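Throughout, read-outs are computed from the coordinates displayed, never taken from laboratory work. What you are looking at is a predicted structure, and each value in this text was computed from that prediction instead of being measured. When we count neighbours, we look across all protein chains shown, and the Cβ atoms used for this are built from the backbone with ideal geometry, even at glycine.
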Amino acid sequence: MGYEVRAILTWVSASGQGGGGMEDDSDTLERSAYAASRVSPQRAVIARAVNGMTRAFSIEDLIGEVRLELPGIGAATVYRAVSAMEATGFVESLGMREGSAIYARCRSDGHHHHLVCTVCGAVTDTRCPITLHAHPAPAGFRVTGHTLVLYGQCAACRREASAEGPALEAEGA
Ligand SMILES: [Zn+2]
Ligand SMILES: [Zn+2]
Ligand SMILES: [Zn+2]
């Protein structure tokens with residue numbers, strides 16, 4: 001079983017998302033997450049839950065976390081909060097997992113992409129492999145941005161799988 005990467009490449013005409021420097025202070029956090037909207041106490045709890053996510057998560061995962069603190073919160077409230085956070089770049093969309101949209105809280109600045117482990121959900125930043133001078137856009141189309149998510153199995157999950165199953169080929173660091 002070789003390392004398999006499935007790439008989704010979407011050429012979009014939207015402007016790229018610039019990452020602003022964010023301090024890990026919850027007041028700054030909430031203001032930056034909802035700069036354009038009023039921050040309700042519920043949304044502050046949701047922002048903190050998102051900030052605590054160390055792996056890719058679905059909205060269902062997030063609802064589970066938020067309900068530890070706010071048992072009565074409605075799913076629609078969490079969905080709306082995530083939409084607002086995505087619009088501000090506080091969370092990034094990482095495509096789909098088993099029919100659910102998945103997200104990550106990314107703290108890196110500047111243009112980059114993500115490798116997502118489909119087994120454990122670990123998210124790793126990676127440099128942009130795309131050169132805009134060698135893209136497949138038709139003549140006359142001006143590319144102004146793109147999204148790219150790489151899926152596969154992380155080294156730890158591959159080691160675990162190889163301990164259970166047939167040995168994998170050795171791989172250099
Ligand atoms: Zn990132
Ligand atoms: Zn993994
Ligand atoms: Zn890129």
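Each peptide in 45-53, 139-147, 61-69, 94-102 gets a packing score, the mean of other Cβ atoms within 10 Å over its residues, and the list from highest to lowest is 45-53, 61-69, 94-102, 139-147. Using 0.36 nm per residue and subtracting the Cα-Cα separation, the extra length available between Leu68 and Ala137 on full extension is 20.2 nm.
Remark: region 51-132 carries a charge dipole of roughly 80 debye about the Cα centre, counting +1 on each Lys and Arg Cβ and -1 on each Asp and Glu Cβ. Of the peptides 75-85, 103-113, the order by per-residue mean of other Cβ atoms within 10 Å, starting with the highest, comes out as 75-85, 103-113.
What FRET efficiency, computed as 1/(1 + (r/R0)^6) with R0 = 22 Å and r the Cβ-Cβ distance, is obtained for Ala156 and Ser100, rounded to the nearest 0.05? Step by step, r from the Cβ atoms, then E = 0.45. Taking R0 as 25 Å, what's the FRET efficiency between Ala87 and Ser40 from their Cβ-Cβ distance, rounded to 0.05? Given R0 = 25 Å and the Cβ-Cβ separation, E is 0.95.
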